[in-house]
Amino acid sequence: MNELREIVALGLPFLIAMGGLVLGSGFFSACETALFSLSREEVRLFRLGKSHERVVATLLRDPDRLLTAILFWNLIVNLTYFALSVVVSQRLSSSGHQIAAGTIGVASLVMLILGGEVIPKSVAVVFPKRLAFWFCYPLAIAVGVLDPVSPGLNKISRLARRTFWPHIAKEPYLDADDLERAVDLSHLEVDVARHERQILHNILDLTDIRVEEVMRPRGSYLAIEEAFRLSDVGHEPPPGDCVLIVEPGTENISAAIPLAHVAHLPERDLAAKTEPVVVVPWSARLATTLQEMTRKFCHVAVVVNEYGETVGIVTFDDIMDTIVTPEASRGRRILKREPILEIAPGKFHVEGITTLRYLARKLDVDHEPGSDGLLTVAGMMHDQLEHIPEVGDECEWHGYRFRVIDVMRRGQLRAVVSRSEDVRPRAEEEET
């Protein structure tokens, strides 16, 4: 009994502190699992929710910052825990209690593994939302405390990497063209449905498609100021699936309201329902744009030209439509109907907003966007005619004659497309 009292007197203060450190380690482990288990759509909706939901969305806005803080504090807690366990074991061992010292050493390791890692992460996987809401405020404080020293830690990391590993190079990776050939040469037509194979090609094509080829040009979406009243719109539904908020007196888009993710729009305070946007240049590839939107949990990307002027937008749904639709069409999304209508055998009505890539697929001709920057029917006709197309203007493209029959407004036209007499479709040439 006296020996037990002596062991408790020597180790109890340290064991209490170690128990608190196990709880701290479990806290950071649970936070890491819970927050990073949330889906992209959940995080986006949290931005428009209650205060604790907005805190969670703010933390996940910069995942690298959040993960660095969690791992840093978890490391500090674990090192402190093991330091105390060593002190307790040494004190007991020096007092002649070797068995108790060894038992505490093994038990402390098991306790940290179970209480600091396994159990918290298992619970966090089952209840990610609930734990994220409970822990968001103390976690935000821990992240904020580390912010002043984060730049110094980053500099030390870069200095160490350049000093000890100066010749580290990125591992080689497969080019998108290599993956395209792999899909073509594989036997996917036997094992995978034809539609799924097309989706694989569409995903790989994201590295080649420029964002301006998919974007919705100015005028095809509703852009308003924050002081705008909803009643000013009238009873007509806004075009598209989102409302854009612009800075007063400019055309610069500062935020967006995805209509599919809000139950109702407030009459005045529209800022409560907005979410940030990402800005990309017109020449950016669709794969890079999707990666940036996913990283920042944004639904809308604003497309700007070389002068920084807004020329259009692209939404997350637009990119998903490009991936999953066998014959994706920007014109179909904007016009809510097919942009190419066959009015007679070999004769079509084509909208000027139709992309040349989509038109070439419909007409069965070979075409890949080149360095000329021509992406749409309207752009191609403007380039060949060297003036704004007017009714009656004609031009040729890949053996097809284009004649303008209607001009609604600048940039919007309709043309009749018919095959030239001396040109046969590609399918017939392959058969012969």
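The values are calculated or read from the model by the stated rules, or taken from the named source; none is laboratory data. The model shown is predicted, which means the values in this text are computed figures rather than measured ones. Positions of Cβ are backbone-derived with ideal geometry, glycine not excepted, and every protein chain shown enters the neighbour counts. SASA here: full protein model, heavy atoms, side chains in, ligands and nucleic acids out. Shrake-Rupley method; radii C 1.70, N 1.55, O 1.52, S 1.80 Å.
Would you please name the residue that is most open to solvent (accessible area, probe 1.4 Å), looking only at residues in region 159-173 that are at pLDDT below 70 and hydrophobic (A, V, I, L, M, F, W, C)?
Among them, the one singled out is ILE168.
When you go through VAL302, VAL279 one by one, which is the residue that is hydrophobic (A, V, I, L, M, F, W, C), open to solvent by 70 Å² or more (accessible area, probe 1.4 Å), under 30 Å from LEU38 (Cβ atoms) and at pLDDT 85 or above?
Numbers: VAL302 fails: open to solvent by 70 Å² or more (accessible area, probe 1.4 Å).
Result: VAL279 is the single residue among VAL302, VAL279 that is hydrophobic (A, V, I, L, M, F, W, C), open to solvent by 70 Å² or more (accessible area, probe 1.4 Å), under 30 Å from LEU38 (Cβ atoms) and at pLDDT 85 or above.
Can you tell me which residues in region 282-299 are assigned to a helix (DSSP H, G or I) and open to solvent by less than 10 Å² (accessible area, probe 1.4 Å)? Explain how you work it out, then say what you get.
From region 282-299, those assigned to a helix (DSSP H, G or I) are 286-295; that's our starting set.
Hits for region 282-299 are LEU286, THR289, MET293.
In this structure, does LEU59 turn out to be open to solvent by 70 Å² or more (accessible area, probe 1.4 Å) and modelled with pLDDT of 80 or more? I'd like the intermediate steps shown before the answer.
On the way: open to solvent by 70 Å² or more (accessible area, probe 1.4 Å): no; modelled with pLDDT of 80 or more: yes.
Against the criterion (open to solvent by 70 Å² or more (accessible area, probe 1.4 Å) and modelled with pLDDT of 80 or more), LEU59 does not qualify.
If you take the residues of region 402-418 that are surrounded by fewer than 17 Cβ atoms within 10 Å (Cβ to Cβ) and either at pLDDT 70 or above or hydrophobic (A, V, I, L, M, F, W, C) (or both), which of them is nearest to the chain's Cα centre (by Cα)?
The initial filter retains those residues of region 402-418 that are surrounded by fewer than 17 Cβ atoms within 10 Å (Cβ to Cβ), namely 403, 405-406, 408-410, 412, 418.
If we keep only those that are either at pLDDT 70 or above or hydrophobic (A, V, I, L, M, F, W, C) (or both) too, we end up with 403, 405-406, 408, 412, 418.
Numbers: ARG403: 41, ILE405: 41, ASP406: 39, MET408: 36, GLN412: 31, SER418: 41 Å.
Going through the qualifying residues, I end up with GLN412.
Tally time: how many residues in region 174-231 are modelled with pLDDT of 75 or more and among the aromatic types (Phe, Trp, Tyr)?
Counting residues in region 174-231 that are modelled with pLDDT of 75 or more and among the aromatic types (Phe, Trp, Tyr) gives 1.
Could you check region 16-58 and list, in sequence order, the residues that are outside any helix (DSSP H, G or I), closer than 18 Å to LYS273 by Cβ and within 17 Å of the chain's Cα centre (by Cα)?
ARG47
Restricting to region 84-129, what's the tally of residues that are in a helix (DSSP H, G or I), under 13 Å from THR33 (Cβ atoms), in contact (Cβ under 8 Å) with a residue 24 or more places away in the chain and open to solvent by 50 Å² or more (accessible area, probe 1.4 Å)?
Total satisfying the criteria: 6.
Which one of these is part of a helix (DSSP H, G or I) and either modelled with pLDDT of 85 or more or surrounded by 15 or more Cβ atoms within 10 Å (Cβ to Cβ) (or both): PRO138, PRO151?
Values: PRO151 fails: either modelled with pLDDT of 85 or more or surrounded by 15 or more Cβ atoms within 10 Å (Cβ to Cβ) (or both).
Answer to the check: PRO138.
Only one of THR325, THR274, THR310, THR315 is β-branched (Val, Ile, Thr) and over 21 Å from GLU247 (Cα atoms). Can you tell me which? Write out each step before concluding.
Values: THR274 fails: over 21 Å from GLU247 (Cα atoms); THR310 fails: over 21 Å from GLU247 (Cα atoms); THR315 fails: over 21 Å from GLU247 (Cα atoms).
Unique residue meeting the criteria: THR325.
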